[in-house]
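First comes the structure, then the notes that go with it.
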(Lines give C-alpha, C1' and ligand atoms only; values in the text may rest on other atoms or scores of the structure.)
Protein backbone atom coordinates (compact mmCIF):
# COMPACT_ATOMS: atom_id res chain seq x y z
CA UNK A 1 0.00 0.00 0.00
CA UNK A 2 2.84 2.38 0.91
CA UNK A 3 4.49 1.65 -2.45
CA UNK A 4 1.26 2.62 -4.25
CA UNK A 5 1.14 5.87 -2.31
CA UNK A 6 4.80 6.57 -3.09
CA UNK A 7 4.18 6.00 -6.80
CA UNK A 8 1.07 8.18 -6.70
CA UNK A 9 3.07 10.98 -5.08
CA UNK A 10 5.88 10.57 -7.60
CA UNK A 11 3.49 10.80 -10.54
CA UNK A 12 2.04 14.04 -9.15
CA UNK A 13 5.55 15.46 -8.69
CA UNK A 14 6.52 14.45 -12.23
CA UNK A 15 3.44 16.14 -13.72
CA UNK A 16 4.07 19.34 -11.76
CA UNK A 17 7.82 19.26 -12.44
CA UNK A 18 7.38 18.81 -16.20
CA UNK A 19 4.77 21.57 -16.31
CA UNK A 20 7.00 24.02 -14.44
CA UNK A 21 10.05 23.04 -16.52
CA UNK A 22 8.13 24.17 -19.60
CA UNK A 23 7.13 27.41 -17.90
CA UNK A 24 3.45 26.55 -18.18
CA UNK A 25 0.70 27.66 -15.86
CA UNK A 26 -2.07 25.29 -14.80
CA UNK A 27 -4.30 27.03 -17.33
CA UNK A 28 -1.85 26.38 -20.18
CA UNK A 29 -1.51 22.67 -19.43
CA UNK A 30 -5.25 22.35 -18.83
CA UNK A 31 -5.98 23.67 -22.32
CA UNK A 32 -3.44 21.31 -23.87
CA UNK A 33 -4.85 18.20 -22.17
CA UNK A 34 -8.54 19.24 -22.36
CA UNK A 35 -9.04 19.43 -18.61
CA UNK A 36 -10.20 22.14 -16.26
CA UNK A 37 -7.44 23.98 -14.34
CA UNK A 38 -9.14 23.08 -11.05
CA UNK A 39 -9.09 19.35 -11.88
CA UNK A 40 -5.43 19.57 -12.84
CA UNK A 41 -4.64 21.46 -9.65
CA UNK A 42 -6.34 18.80 -7.52
CA UNK A 43 -4.39 16.08 -9.34
CA UNK A 44 -1.08 17.83 -8.71
CA UNK A 45 -1.83 18.51 -5.04
CA UNK A 46 -3.22 15.07 -4.25
CA UNK A 47 -6.79 16.21 -3.64
CA UNK A 48 -8.07 14.13 -6.52
CA UNK A 49 -7.43 10.49 -7.35
CA UNK A 50 -5.41 10.05 -10.52
CA UNK A 51 -7.17 8.07 -13.25
CA UNK A 52 -5.35 6.42 -16.14
CA UNK A 53 -7.65 8.07 -18.68
CA UNK A 54 -6.53 11.44 -17.30
CA UNK A 55 -2.82 10.56 -17.31
CA UNK A 56 -2.74 9.71 -21.01
CA UNK A 57 -3.66 13.22 -22.28
CA UNK A 58 -1.51 14.82 -19.56
CA UNK A 59 1.51 12.76 -20.65
CA UNK A 60 0.88 13.57 -24.31
CA UNK A 61 0.57 17.28 -23.56
CA UNK A 62 3.83 17.24 -21.57
CA UNK A 63 5.69 15.47 -24.38
CA UNK A 64 6.27 12.27 -22.44
CA UNK A 65 4.68 8.83 -22.25
CA UNK A 66 2.42 7.13 -19.76
CA UNK A 67 5.16 4.56 -19.10
CA UNK A 68 7.61 7.30 -18.16
CA UNK A 69 5.13 8.96 -15.83
CA UNK A 70 4.37 5.74 -13.95
CA UNK A 71 7.78 4.02 -14.08
CA UNK A 72 9.04 2.40 -10.89
CA UNK A 73 10.23 4.62 -8.05
CA UNK A 74 12.62 2.06 -6.54
CA UNK A 75 16.38 2.39 -7.01
CA UNK A 76 16.89 -0.61 -9.29
CA UNK A 77 17.04 1.68 -12.31
CA UNK A 78 19.83 3.70 -10.66
CA UNK A 79 21.96 1.40 -8.51
CA UNK A 80 24.15 -1.19 -10.25
CA UNK A 81 24.60 -4.17 -7.96
CA UNK A 82 27.47 -6.64 -8.29
CA UNK A 83 26.87 -10.20 -9.44
CA UNK A 84 29.13 -12.76 -7.75
CA UNK A 85 30.27 -15.80 -9.71
CA UNK A 86 32.11 -17.99 -7.21
CA UNK A 87 32.71 -20.76 -9.76
CA UNK A 88 34.83 -18.49 -11.94
CA UNK A 89 36.18 -16.44 -9.04
CA UNK A 90 34.85 -13.09 -10.22
CA UNK A 91 32.41 -10.30 -9.45
CA UNK A 92 30.77 -8.35 -12.27
CA UNK A 93 29.10 -4.95 -12.49
CA UNK A 94 27.29 -4.45 -15.82
CA UNK A 95 27.60 -0.70 -16.41
CA UNK A 96 25.35 -0.46 -19.46
CA UNK A 97 21.71 -1.46 -19.02
CA UNK A 98 21.21 -1.52 -22.78
CA UNK A 99 23.76 -2.18 -25.47
CA UNK A 100 25.54 0.99 -26.49
CA UNK A 101 26.56 2.12 -29.98
CA UNK A 102 27.62 -0.77 -32.21
CA UNK A 103 25.99 -3.23 -29.81
CA UNK A 104 28.67 -3.12 -27.12
CA UNK A 105 28.33 -3.75 -23.39
CA UNK A 106 30.62 -2.24 -20.75
CA UNK A 107 31.32 -4.08 -17.50
CA UNK A 108 33.61 -3.83 -14.50
CA UNK A 109 35.04 -7.15 -13.29
CA UNK A 110 36.93 -8.12 -10.17
CA UNK A 111 38.74 -11.39 -10.82
CA UNK A 112 40.31 -13.28 -7.93
CA UNK A 113 41.03 -16.62 -9.62
CA UNK A 114 44.27 -17.17 -11.53
CA UNK A 115 43.90 -18.95 -14.86
CA UNK A 116 44.14 -22.66 -14.07
CA UNK A 117 47.19 -24.33 -15.58
CA UNK A 118 46.13 -26.56 -18.45
CA UNK A 119 42.59 -25.14 -18.63
CA UNK A 120 41.15 -24.98 -22.12
CA UNK A 121 41.04 -21.51 -23.64
CA UNK A 122 37.91 -20.02 -25.15
CA UNK A 123 37.33 -18.71 -28.67
CA UNK A 124 34.51 -16.60 -30.12
CA UNK A 125 34.09 -14.12 -33.00
CA UNK A 126 35.00 -10.47 -32.47
CA UNK A 127 37.46 -8.48 -30.37
CA UNK A 128 37.83 -7.82 -26.64
CA UNK A 129 39.18 -4.65 -25.04
CA UNK A 130 39.89 -4.05 -21.37
CA UNK A 131 41.83 -1.71 -19.12
CA UNK A 132 43.19 -2.63 -15.69
CA UNK A 133 41.89 -0.48 -12.84
CA UNK A 134 43.93 -2.22 -10.12
CA UNK A 135 46.16 -5.27 -9.80
CA UNK A 136 47.65 -7.23 -12.67
CA UNK A 137 45.71 -9.22 -15.27
CA UNK A 138 47.09 -12.48 -16.63
CA UNK A 139 46.05 -12.57 -20.29
CA UNK A 140 46.64 -15.88 -22.05
CA UNK A 141 46.58 -15.59 -25.85
CA UNK A 142 47.26 -18.99 -27.36
CA UNK A 143 50.83 -19.82 -26.36
CA UNK A 144 51.54 -16.26 -25.24
CA UNK A 145 51.25 -14.97 -21.69
CA UNK A 146 50.76 -11.20 -21.36
CA UNK A 147 50.72 -9.41 -17.99
CA UNK A 148 48.64 -6.25 -18.13
CA UNK A 149 49.39 -3.85 -15.27
CA UNK A 150 47.31 -1.16 -13.56
CA UNK A 151 46.67 1.70 -15.98
CA UNK A 152 47.43 -0.40 -19.04
CA UNK A 153 44.93 -1.69 -21.60
CA UNK A 154 44.74 -4.66 -23.94
CA UNK A 155 42.89 -5.29 -27.20
CA UNK A 156 42.94 -8.58 -29.06
CA UNK A 157 41.09 -10.80 -31.50
CA UNK A 158 38.89 -13.27 -29.67
CA UNK A 159 39.42 -15.76 -32.47
CA UNK A 160 42.76 -16.41 -30.72
CA UNK A 161 42.20 -18.91 -27.86
CA UNK A 162 42.32 -16.80 -24.72
CA UNK A 163 41.52 -16.34 -21.03
CA UNK A 164 41.92 -13.58 -18.43
CA UNK A 165 42.90 -14.36 -14.85
CA UNK A 166 44.36 -12.63 -11.80
CA UNK A 167 48.13 -12.48 -11.32
CA UNK A 168 49.55 -12.12 -7.80
CA UNK A 169 46.25 -11.10 -6.25
CA UNK A 170 42.81 -9.78 -7.27
CA UNK A 171 42.57 -7.68 -10.41
CA UNK A 172 39.86 -5.22 -11.42
CA UNK A 173 39.26 -4.50 -15.09
CA UNK A 174 36.89 -2.39 -17.17
CA UNK A 175 35.94 -4.37 -20.24
CA UNK A 176 34.09 -3.58 -23.48
CA UNK A 177 32.30 -6.54 -25.03
CA UNK A 178 30.51 -7.11 -28.29
CA UNK A 179 27.48 -9.42 -28.46
CA UNK A 180 29.50 -12.64 -28.50
CA UNK A 181 31.83 -11.39 -25.77
CA UNK A 182 28.90 -10.41 -23.57
CA UNK A 183 27.28 -13.82 -24.01
CA UNK A 184 30.43 -15.65 -22.94
CA UNK A 185 31.84 -13.26 -20.32
CA UNK A 186 28.59 -12.28 -18.62
CA UNK A 187 26.34 -15.25 -19.36
CA UNK A 188 28.65 -18.26 -19.11
CA UNK A 189 25.80 -20.77 -19.05
CA UNK A 190 25.10 -19.89 -22.68
CA UNK A 191 28.75 -20.02 -23.68
CA UNK A 192 31.15 -22.88 -24.21
CA UNK A 193 30.81 -25.79 -21.79
CA UNK A 194 34.50 -25.81 -20.93
CA UNK A 195 34.41 -22.41 -19.14
CA UNK A 196 35.15 -23.29 -15.53
CA UNK A 197 37.52 -20.80 -13.94
CA UNK A 198 39.34 -17.58 -14.62
CA UNK A 199 37.68 -15.28 -17.14
CA UNK A 200 37.64 -17.51 -20.21
CA UNK A 201 35.89 -16.58 -23.43
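Restricting attention to segment 82-138, the residues that are at pLDDT 80 or above, over 12 Å from the mean Cα position of the chain (by Cα) and assigned to a loop (DSSP other than H, G, I, E, B) total 11. Could you tell me whether any residue of segment 29-45 is assigned to a loop (DSSP other than H, G, I, E, B), assigned by TED's automatic domain parsing to the domain that holds residue 10, more than 30 Å from residue 121 (Cβ to Cβ) and at pLDDT below 90? Scanning segment 29-45 turns up no residue that is assigned to a loop (DSSP other than H, G, I, E, B), assigned by TED's automatic domain parsing to the domain that holds residue 10, more than 30 Å from residue 121 (Cβ to Cβ) and at pLDDT below 90. The residue that is modelled with the lowest pLDDT, counting only those in segment 1-28 that are farther than 19 Å from residue 71 by Cβ and surrounded by fewer than 17 Cβ atoms within 10 Å (Cβ to Cβ), is 1. Restricting attention to segment 175-186, does a residue exist that is at pLDDT 90 or above and either under 15 Å from residue 106 (Cβ atoms) or assigned by TED's automatic domain parsing to the domain that holds residue 104 (or both)? Yes, segment 175-186 contains a residue that is at pLDDT 90 or above and either under 15 Å from residue 106 (Cβ atoms) or assigned by TED's automatic domain parsing to the domain that holds residue 104 (or both). Within segment 163-185, restricting attention to residues that are touching a helix residue (DSSP H, G or I) at 6+ places or on another chain (Cβ under 6 Å) and part of a helix (DSSP H, G or I), the residue that is surrounded by the most Cβ atoms within 10 Å (Cβ to Cβ) is 183.
For segment 139-150, the set of residues classified as at pLDDT below 95, in contact with a strand residue (DSSP E or B) (Cβ under 9 Å, 6 or more places away or on another chain) and in a loop (DSSP other than H, G, I, E, B) consists of 142 only.
The values are calculated or read from the model by the stated rules, or taken from the named source; none is laboratory data. Here the structure is a predicted model, which means the values were calculated and not measured. When we count neighbours, we look across all protein chains shown, and the Cβ atoms used for this are built from the backbone with ideal geometry, even at glycine.
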